[in-house]
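Here's the structure we're looking at; comments come further down.
The values are calculated or read from the model by the stated rules, or taken from the named source; none is laboratory data. Bear in mind the structure is a predicted one, so any value in this text is a computation, not a measurement. When we count neighbours, we look across all protein chains shown, and the Cβ atoms used for this are built from the backbone with ideal geometry, even at glycine. Each accessible area value is taken on the protein alone, full model and side chains, heavy atoms only, with ligands, DNA and RNA left out. Shrake-Rupley method; radii C 1.70, N 1.55, O 1.52, S 1.80 Å.
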Amino acid sequence: WWMEMTGGWFHDDDIIDEIGKLHDISQELYEEDFTISPGDILFVADEESFFWTVEQVNSYNGANLHSLNTQQRAINRAGVRYDLCYWPDLLEKEMDDYKVYVFLNTYYLTEEKREFIETRLKRDGKVLLWQYAPGYVTPTGFSLESMAELTGIGLRSDSGSLKSRFATLGEGSEEALRGLLEGVEGQTVGLGLVPALQRFYVDDPAAQALAHYDDGRVAAAVKQTDSYTSIYVGHPSGLIPQFIANVVSCGGGHTYVEPGDMFMYHRDDFIVMHGVEGGRRLLRLPFEARVTELLKGEVLADKASEIPLE
């Protein structure tokens with residue numbers, strides 16, 4: 001289960017001992033009964049999108065590389081409980097009970113997919129987040145109208161740069177807008193890579209701007225309806241950890257740790273964390289629990305919802 005690619009890193013007794021501990025812990029966890037509850041946010045990946053896009057090998061230009069690969073850095077550092085699925089899972093398992101859905105690279109939709117979104121997801125105050133070119137490819141050609149119908153947000157296209165920044169709030173900004181932009185005002189959208197791709201921008205007076213391209217056009221926006229909230233992000237890897245946490249909070253979800261460190265929580269009884277930098281952290285659970293640090297076998301809290309960590 002471990003691969004050494006450098007010819008020397010694993011030639012160390014302490015490292016091998018640590019790997020041994022991880023192996024024993026994983027074996028014990030595997031043998032225990034466990035449950036997996038849905039996370040607060042579901043990322044939806046479309047495998048068939050590779051048929052509808054030009055994906056350049058060994059190049060940073062591909063939209064799928066940005067949406068599915070690059071964004072893992074943000075998704076795994078957002079401090080939220082998330083799940084990821086492919087479109088067939090979403091349909092076959094009728095996964096309509098999440099608070100927030102992020103469509104990473106859904107550039108072409110069948111009628112079955114569109115119907116599922118319209119009838120099962122656009123309801124109950126859910127938050128639907130779309131990236132780059134949702135629904136742009138249709139059986140009869142490229143269509144901005146198809147994108148607008150899917151997202152509920154008017155969009156246009158040109159050949160401008162995708163470099164963009166989150167907006168700065170004004171005094172009269174609505175509460176929802178403030179929540180989405182908390183901690184990200186003025187920051188660069190995405191993770192520093194700007195692909196050379198066709199550009200889409202928001203052209204909808206009813207949508208509120210979340211980000212702008214360098215030339216002032218709206219790069220991301222939110223639009224609230226009576227039944228759901230729609231968020232559009234024009235950059236294919238436009239998510240950063242804090243913005244993901246903000247979107248989860250907008251949907252009524254929970255942030256377990258401040259965005260920044262690696263955080264994964266899928267099994268109900270097991271959390272994995274990795275400190276990107278040293279220091280004190282606070283794990284915030286939405287319930288009280290007995291918390292054990294498995295590497296040391298140390299009980300950190302017998303019954304608590306807030307647990308300090310080093």
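Given the residues Gly252, Gly238, which is the only one that is farther than 30 Å from Thr138 by Cα and either modelled with pLDDT of 95 or more or part of a loop (DSSP other than H, G, I, E, B) (or both)?
Details: Gly238 fails: farther than 30 Å from Thr138 by Cα.
On inspection, the qualifying residue turns out to be Gly252.
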All positions within region 257-274 that are touching a strand residue (DSSP E or B) at 6+ places or on another chain (Cβ under 8 Å), over 22 Å from Ser67 (Cα atoms) and open to solvent by 10 Å² or more (accessible area, probe 1.4 Å): Glu258, Ile271, Val272, Met273, His274
Which numbered condition Gly186 fails, given (1) over 15 Å from the mean Cα position of the chain (by Cα); (2) surrounded by 19 or more Cβ atoms within 10 Å (Cβ to Cβ): (2)
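Considering only region 275-297, how many residues are assigned to a strand (DSSP E or B), under 21 Å from Phe34 (Cβ atoms) and either open to solvent by 70 Å² or more (accessible area, probe 1.4 Å) or of a type in the set (D, E, K, R) (or both)? I'd like the intermediate steps shown before the answer.
Keep residues of region 275-297 that are assigned to a strand (DSSP E or B), which gives 281-293.
Pick out the ones that are also under 21 Å from Phe34 (Cβ atoms) and you get 283, 285-293.
Those left that are additionally either open to solvent by 70 Å² or more (accessible area, probe 1.4 Å) or of a type in the set (D, E, K, R) (or both): 286-288, 290, 293.
Residues meeting the conditions: 5.
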Yes/no for Val127 being assigned to a loop (DSSP other than H, G, I, E, B), touching a helix residue (DSSP H, G or I) at 6+ places or on another chain (Cβ under 6 Å) and open to solvent by less than 70 Å² (accessible area, probe 1.4 Å): no
Conditions (1) open to solvent by less than 80 Å² (accessible area, probe 1.4 Å); (2) touching a strand residue (DSSP E or B) at 6+ places or on another chain (Cβ under 9 Å); (3) of a type in the set (Asp, Glu): number failed by Glu47: (1)
Conditions (1) modelled with pLDDT under 95; (2) over 20 Å from Val100 (Cα atoms); number of the one not met by Glu185: (1)
Matching residues, region 153-174, being within 9 Å of Phe200 (Cα to Cα), out of contact with any helix residue (DSSP H, G or I) (no Cβ under 9 Å at 6 or more places or on another chain) and not in a loop (DSSP other than H, G, I, E, B): Asp158
Some residue of region 153-166 being surrounded by 12 or more Cβ atoms within 10 Å (Cβ to Cβ), at pLDDT 95 or above, over 21 Å from His66 (Cβ atoms) and of a type in the set (A, V, I, L, M): no
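Give region 90-124 a look and list any residue that's part of a helix (DSSP H, G or I), farther than 22 Å from Pro236 by Cβ and of a type outside the set (S, T, N, Q), or say none. Full working, then the answer.
Restricting attention to region 90-124, the residues satisfying the condition of being part of a helix (DSSP H, G or I) are 90-92, 111-121.
Subset that is farther than 22 Å from Pro236 by Cβ: 91-92, 111-112, 115-116, 118-120.
Matches in region 90-124: Leu91, Glu92, Glu111, Glu112, Glu115, Phe116, Glu118, Arg120.
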Whichever residue in region 73-98 is surrounded by 17 or more Cβ atoms within 10 Å (Cβ to Cβ) and either charged (D, E, K, R) or free of Cβ contacts under 8 Å to residues at least 12 places away in the same chain (or both) and, among such residues, is nearest to His274 (Cα to Cα): Arg77
Residue under evaluation Arg178, criteria (1) loosely packed, with under 14 Cβ neighbours inside 10 Å; (2) among the charged types (D, E, K, R); (3) farther than 22 Å from Ala63 by Cα; (4) in contact (Cβ under 8 Å) with a residue 24 or more places away in the chain, criterion not met: (4)
